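Novice: Input: one structure, supplied below.
What follows draws every value from the coordinates through simple rules; no lab data is involved. Just so you know, these numbers come straight off a predicted model, no measurement behind them. Cβ placement follows ideal geometry from the backbone for every residue including glycine, while neighbour counts extend to all protein chains displayed.
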Amino acid sequence: MSKKVITAFLIAAGMTGGLILNSSQLNVKAASKGIVNTTKMTFLYNEQGKLVKDRALAPKTAWVYDQQIQIGDQGSFYRVATHEFVKTSDVSVQHGKTENGIVRTGSNGALMYGYDAGNYKATGTKLAAHSAWQYSKVDNANGKTWYQVNADGWINSDDASTSNFINNSGVAKISYAPASGINLWTGYGTHKVASGQKLTNGSEWNFSQKVIDANGDAWYMLGNNQWIEGTYTKITNQVFDTSAAQNWDPNFAVVKVNQKASVYNDSNYKSGVKESSAAGTLLQVASTEQTGNVIWYELSNGGWIPSTVVTEMTNYRSPVALNGKTKQQTIDAVVSAAKQQLGKPYIWNAKGPAGFDCSGLMQYVFRQATGQNIGSWTVPQETAGTKVSINQLQRGDLVFWGPSGASYHVALYLGNNQYLNALRPGTNVKIDRISSSFRPSFGVRVFK
């Protein structure tokens, strides 16, 4: 077997000078099995499983290995040099090839899998039926094609197939308060490139396709590979794929008509009937509003329907991941990100960073702290975790005002009866106390 030189060994902490080893000092057999990646300084061991004390592998580097062995009761190791090994638990194995596209789940949804030591293992999570997902890598194993749809998740060709986009078209109205407007992108998701053009607040644009990217964000295509982020839009659908209605969408909730019902022009019965909807019809919801004692849903076609004649659909969504941090570390990061926004103005429908409305603030701080999307307004944010009562609230929970499925305000609970929120126009982001005069209705525990 031919030789290959490893050149980036790092002198372990405590060695004089912290020098890099000369490449002639250590050789490794050519890789025949694969490549491993380090995320931190990674210790080396010899054939007996004893620690090599004078060097380690540098963080965020890739290393070829030519065999995997078991050393006594110390566990599994990869050989990265002739007489030197790393623990399999200390590194990750590169697999799959980089490829971008859209995969769509079948009628039974798709099981999610993680990749561990050469094997795909079911995580217990399932993606909704007929939902579309952006993938970034493809692998072939066990007679199946595997698609990586998020950092730690894969689905396979038994449950999904490559597809273009969710069957949606309609009008996107830019809803972003700053005068600069929003970017028009070439491409979407992680592959977006700024086009140099901006679309102004209040302007309306026809879209022909929609996609949910790997972060759970909605994107709308306005022209030939020209895209806008759904976070900053208000959508009126002309064509809506009802087969995907139960898939969690960061911009919408879905309601089902209980019996034939009228859809009104505005959020009151005197505004006039716009149209009627048959029993069983699924309707996308863009916002909610309370008029008197009645909660009204604003529909994505511009009409309004009272909550008394519909049932909210429970939409599937993946939980917010800790990404290697402890629960407490993640909550601390969310609270810290939230407190950094104190004093910024309330701006209706703003998503930051210059100003916020209540749900835009929550979406922004969770995105900053975790890199994940909990939804762009209150009702989708209700599905970000497990519902809890007000007397069960814990630091880091979301707090909601209004009925479940029709909430109208959201805040972040800080503990000690305090919450951080963007309340109304004319106020700034601030910390308030729970009181009998403005008592929240329920909480949602994002991190279990």
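Novice: Among 175, 76, which comes first, second and so on when ranked by fewest other beta-carbon atoms within 10 Å?
Specialist: Least crowded to most crowded, the residues run 76, 175.
Novice: Using amide H atoms built 1.01 Å from N in the peptide plane, name the residues 5+ places from residue 101, or on other chains, whose amide H lies under 5 Å from its own.
Specialist: When sequence neighbours closer than 5 places are left aside, the close amide H contacts are 135.
Novice: Would you mind computing the Rg to Rh ratio of region 169-243 from its alpha-carbon coordinates, Kirkwood style for Rh?
Specialist: Computed over Cα atoms, the ratio is 0.94.
Novice: While we're on this one: Cβ under 9 Å from residue 267's Cβ, residue 267 left aside: what net charge do those residues give with Lys, Arg +1 and Asp, Glu -1?
Specialist: -3
Novice: Once amide H atoms are placed 1.01 Å from N in the peptide plane, what residues at a sequence separation of 5 or more from residue 253, or on another chain, have their amide H within under 5 Å of its amide H?
Specialist: Answer set, sorted by chain and number: 285.
Novice: What lysines sit close enough to residue 430 to cross-link, taking a C-alpha to C-alpha distance under 22 Å and skipping anything fewer than 8 places away on the same chain?
Specialist: Of all the lysines, those that pass the test against residue 430 - Cα under 22 Å, at least 8 places apart if same chain - are 339, 344, 351.
Novice: Quick one: in region 46-136, what % of C-alpha pairs are over 22 Å apart?
Specialist: The calculated P(r) of region 46-136 puts 47 percent of pairs beyond 22 Å.
Novice: Along the Cα→Cβ direction, 7 angstrom out, place labels at residue 98 and residue 340. What is the inter-label distance in nm?
Specialist: Simple spin-label model gives 2.8 nm for this pair.
Novice: Then there's this: Once the Cβ-Cβ distance between residue 192 and residue 83 is put in as r, and R0 is 56 Å, what FRET efficiency do you end up with, to the nearest 0.05?
Specialist: 0.75
Novice: By a straight-distance test (C-alpha under 16 Å), which aspartates and glutamates pair with residue 198 as possible cross-link partners, with residues fewer than eight away in the same chain excluded?
Specialist: Within reach: 229.
Novice: Still on this model: Extension gain residue 122-residue 431, at 0.36 nm per residue separation less the Cα-Cα distance, in nm?
Specialist: 107.1 nm
Novice: Applying the Karplus parametrisation 6.51 cos²θ - 1.76 cosθ + 1.60 with θ = phi - 60° to the phi angles of region 442-448, what ³J(HN,Hα) value in whole Hz is obtained for each residue in order, glycine and proline being reported as x?
Specialist: With coefficients 6.51, -1.76 and 1.60, one gets 6, x, 10, 8, 6, 10, 7 Hz.
Novice: Scan region 288-397 for chymotrypsin sites (Phe, Trp or Tyr not before Pro) in coil per DSSP, keeping those whose Cβ has at most 14 other Cβ atoms within 10 Å, and list them by number.
Specialist: Those that pass, being in a loop and sparsely packed, are 348.
Novice: Ok, one more. What's the extension gain from residue 259 to residue 275 if we count 0.36 nm per residue and subtract their Cα-Cα distance?
Specialist: Here the segment from residue 259 to residue 275 would lengthen by 4.4 nm.
Novice: Here's another thing I want to ask about it. What list of ³J(HN,Hα) couplings, whole Hz, do you get for region 337-342 from phi and the Karplus terms 6.51, -1.76, 1.60, once you set θ to phi - 60° and write x for glycine and proline?
Specialist: For region 337-342, the Karplus-derived couplings read 4, 5, 5, 5, 9, 4 Hz, x marking Gly and Pro.
Novice: Binning at 10 angstrom from zero up to the longest distance, how are the C-alpha pair distances of region 245-312 distributed in percent?
Specialist: Pairs per bin, as whole percents: 23, 58, 18, 1.
Novice: Given the convex hull of the Cα atoms of region 97-162, what is a quarter of its surface area in nm²?
Specialist: For region 97-162, the mean projected area of the Cα convex hull comes to 4.0 nm².
Novice: Can I ask one more? Amide H of residue 207 versus every other amide H placed in the peptide plane: which residues, excluding those fewer than 5 positions away on the same chain, fall under 5 Å?
Specialist: 170, 171, 172
Novice: Please work out the ratio of the alpha-carbon Rg of region 327-445 to 2.2 N^0.38 Å and round it to two decimals.
Specialist: Dividing the Cα Rg of region 327-445 by 2.2 N^0.38 Å gives 0.93.
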